[in-house]
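Notes follow the structure.
The values are calculated or read from the model by the stated rules, or taken from the named source; none is laboratory data. The structure presented is a predicted model; accordingly, all values stated were derived computationally and were not measured. Cβ placement follows ideal geometry from the backbone for every residue including glycine, while neighbour counts extend to all protein chains displayed. SASA here: full protein model, heavy atoms, side chains in, ligands and nucleic acids out. Shrake-Rupley method; radii C 1.70, N 1.55, O 1.52, S 1.80 Å.
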Amino acid sequence: MLTFLSKTFSKRTQPGQRQSITHESFVVHCYVRSDGLGGTVTTDLEYPARVAFVMLTQMMDDFTNAVGDSWKSVEIPESVAFPQMEEYLQKYQNPAEADKVTKIQKDLDETTQILHKTIDSVLERGVKLDNLVERSDDLSRQSKMFYKQAKKSNSCCVIS
């Protein structure tokens, strides 16, 4: 099924274009270079499209370096061997490790989460400090009132 989808999408993709087609629970990323060489990679829904296209571009460049233009005269595309494909598939299993931009984005997301937690805790402390200042002001007012009343009460009586 995947071979059929890959061939169909490759034929329907114009040279020089990239497209991602969602089918059921996976995505077929297709790229056909301007010279007619095309490639597809099938991923799950969560795999970043940018990383898939980076892999396809690098793989097709290495393929062209390895076999030259001999691929243009081949009638059965599957007959051309490309042993480095397994290396690419292993390397790109974890998109964050394979792609520097994705790794940086992941690190930024983690840092953003940590900063949000820190800001929330600082705001929480600020609210607690505001409550403490308010209680202190109330206590200060009450003590002044108590002092005035005590002074007033004691002014009428003299102890000798």
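Give me the angle, in degrees from 0 to 90, between the Cα long axis of helix 100-155 and the longest principal axis of the Cα atoms of the chain, rounded to the nearest 10. That helix lies at roughly 10 degrees to the long axis.
For the stretch 2-77, take the alpha-carbon Rg, divide it by the Kirkwood Rh, and send me Rg/Rh.
Radius of gyration relative to Kirkwood radius: 0.97.
Here the accessible area is traced with a 1.4 Å probe on the protein chains. For the chain, carbon and sulfur cover 56 percent of it.
Taking a ≥ b ≥ c as the square roots of the Cα gyration tensor eigenvalues, the stretch 32-111 comes out prolate, since a/c reaches at least 1.5 and a/b is larger than b/c.
Could you work out the relative contact order of the stretch 1-114? I mean the mean sequence separation of Cα pairs under 8 Å and 6+ apart, divided by the number of residues, in percent. Could you put the intermediate results ahead of the total?
Values: 112 pairs, mean separation 17.8, N = 114.
Relative contact order of the stretch 1-114: 16 percent.
Look at where the Cα atoms of the stretch 91-160 and of the stretch 1-61 average out, and the two centres are 52 Å apart.
Only lysines eight or more places from LYS106 in sequence, or on another chain, were considered; those with a Cα closer than 19 Å are LYS91, LYS117.
In straight-distance terms, cross-link reach from LYS11 covers every one of the lysines whose alpha-carbon lies under 24 Å from its own, apart from those fewer than eight places away in the same chain; here that gives LYS72. Each Lys and Arg contributes +1 and each Asp and Glu -1, all at the Cβ; summed about the Cα centre of the stretch 35-160, the dipole is approximately 2080 debye.
Only DSSP H runs of four or more residues enter the estimate; each adds -39500 (n - 2.57), and after division by the residues of the chain the mean residue ellipticity at 222 nm equals -21000 deg cm²/dmol.
Relative to the dominant Cα principal axis of the chain, helix 49-67 is inclined by about 30°. Could you give the longest part of the chain that holds none of the GluC sites (Glu not before Pro) found in DSSP loops with at most 14 neighbouring Cβ atoms within 10 Å? Within the chain, the longest run free of exposed GluC sites (Glu not before Pro) spans 76-160. Projecting the Cα atoms of SER136, THR64, THR3 onto the charge dipole of the chain, computed from C-beta unit charges around the Cα centre, puts SER136 farthest toward the positive end.
Which of these, LEU132, LEU45, LEU37, has the largest mean-square fluctuation under a Gaussian network model of the chain (Cα springs below 10 Å)? So, out of LEU132, LEU45, LEU37, the one fluctuating most is LEU132. At a probe radius of 1.4 angstrom, the accessible area of the stretch 12-160 per residue rounds to 77 square angstrom. Between 0 and 90 degrees, rounded to the nearest ten: what's the tilt of helix 2-12 against the longest Cα principal axis of the chain? That works out to roughly 80 degrees. Solvent-free Debye calculation, one equal scatterer per alpha-carbon of the chain: log10 I(q)/I(0) at 0.09, 0.14, 0.16 Å⁻¹ equals -0.51, -0.83, -0.98.
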